[in-house]
Amino acid sequence: MNTAQLSYNATWDNEADEFEWLERAYMGEKPNVDGDGADLEVLTWELCGSAEKQIKLLRELYPRLPLGFLKARVAFIIAAFLWQDGAELADKSAEENGKVVESMLFEALYILDQQKSVLPNTVPMISDLASNTLSLYGDVLMANGKYKYGILALESASYAYQYLKGEPHYEMHKRLCEICSEEEDWSRSIHYHEKIRVQAVADGDLNLYVYIVQQLSKIHVARGNFRQGESVLRESLKFLRPRSAGIRAFGDQLDFRNNGND
């Protein structure tokens with residue numbers, strides 16, 4: 001079985017005429033056909049064009065699959081679909097659906113953790129599937145009111161990505177900046193803001209650098225660490241002065257120091 005085709009959001013090549021009706025079917029339009037082959041086309045629609053049918057079949061198949069990478073992948077696909085559309089389709093509350101999805105993702109991670117490496121220097125928990133599962137698991141845990149566990153899952157997803165790709169997962173770091181700030185997890189928030197600031201310097205992205213510095217300063221000031229907030233801005237001004245004429249953006253940020261000393 002080519003498991004790469006197992007995706008809850010697969011799309012069709014709409015340039016191919018013979019698949020035009022499947023493209024429409026995937027958008028919810030059941031084929032209206034008569035004559036020879038009608039039953040076959042409807043069946044094909046159910047199997048290939050209907051995501052609900054695919055997931056129903058996968059859920060029936062799932063308990064019979066042996067423990068292994070494929071079972072973990074199927075668990076992830078089912079969970080991802082349910083998280084996106086499951087509550088409405090199953091006529092469940094968001095809370096009930098969230099518990100089911102959380103359970104499926106936990107199973108996927110447990111299965112991956114129990115697998116032995118098939119190839120040298122490979123670890124099932126350090127894979128694209130594991131990283132994607134951990135990322136979604138973190139989101140679901142957050143939505144289920146389990147921040148202290150969800151943040152660990154998201155951080156683990158970031159570590160898995162870095163090990164696989166050989167570079168930090170800066171998109172995840174940006175998300176963690178926002179999530180940690182919303183949850184007032186200030187030590188983590190500052191940690192990830194600093195990571196993004198370092199990357200902005202390496203990339204020469206002055207706009208991102210200015211934004212991150214402003215956010216860092218606001219965090220320190222909001223916590224009453226006025227000197228630290230001022231220090232962040234002063235250090236940044238030294239960096240920006242020879243590189244950009246656009247340092248006026250810091251004028252308003254520096255006013256708090258002058259107003260505080262009046």
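The values are calculated or read from the model by the stated rules, or taken from the named source; none is laboratory data. Small disclaimer: the values here were computed from a predicted structure and weren't measured. Positions of Cβ are backbone-derived with ideal geometry, glycine not excepted, and every protein chain shown enters the neighbour counts. Accessible surface areas use protein heavy atoms only, side chains included; no ligands, DNA or RNA. Shrake-Rupley method; radii C 1.70, N 1.55, O 1.52, S 1.80 Å.
Structure notes:
- With a cut-off of 12 Å between beta carbons, the residues surrounding TYR62 carry a summed charge of +3, where Lys and Arg count +1 and Asp and Glu -1.
- Stretched out straight at 0.36 nm per residue, the stretch from LEU70 to LYS218 would grow longer than its current Cα-Cα span by 48.6 nm.
- Prolate/oblate/rounded call for region 137-247, Cα gyration tensor, a/c under 1.5 rounded: oblate
- Ordering of 206-212, 136-142, 185-191, 153-159 by burial proxy (mean other Cβ atoms within 10 Å per residue, highest first): 136-142, 153-159, 206-212, 185-191
- Between TYR163 and ARG241, full extension at 0.36 nm per residue minus the direct alpha carbon distance yields a gain of 24.5 nm.
- Proximal lysines relative to LYS56, as straight alpha-carbon distance under 21 Å, when same-chain residues fewer than 8 apart are discounted: LYS30, LYS71, LYS92, LYS99
- In plain terms, the chain from TYR62 to SER103 could stretch by 13.4 nm, reckoned as 0.36 nm per residue minus the Cα-Cα distance.
- Alpha carbon centroid spacing (whole Å) that separates region 157-183 from region 222-239: 24 Å
- Environment charge at SER135 (Cβ cut-off 11 Å; Lys +1, Arg +1, Asp -1, Glu -1): -3
- Carbon and sulfur %, accessible surface of region 68-217 computed with the full protein complex present, 1.4 Å: 51 percent
- Here the simple spin-label model places points 7 Å from the Cα toward Cβ, and for ASP205 and TRP186 these points are separated by 2.6 nm.
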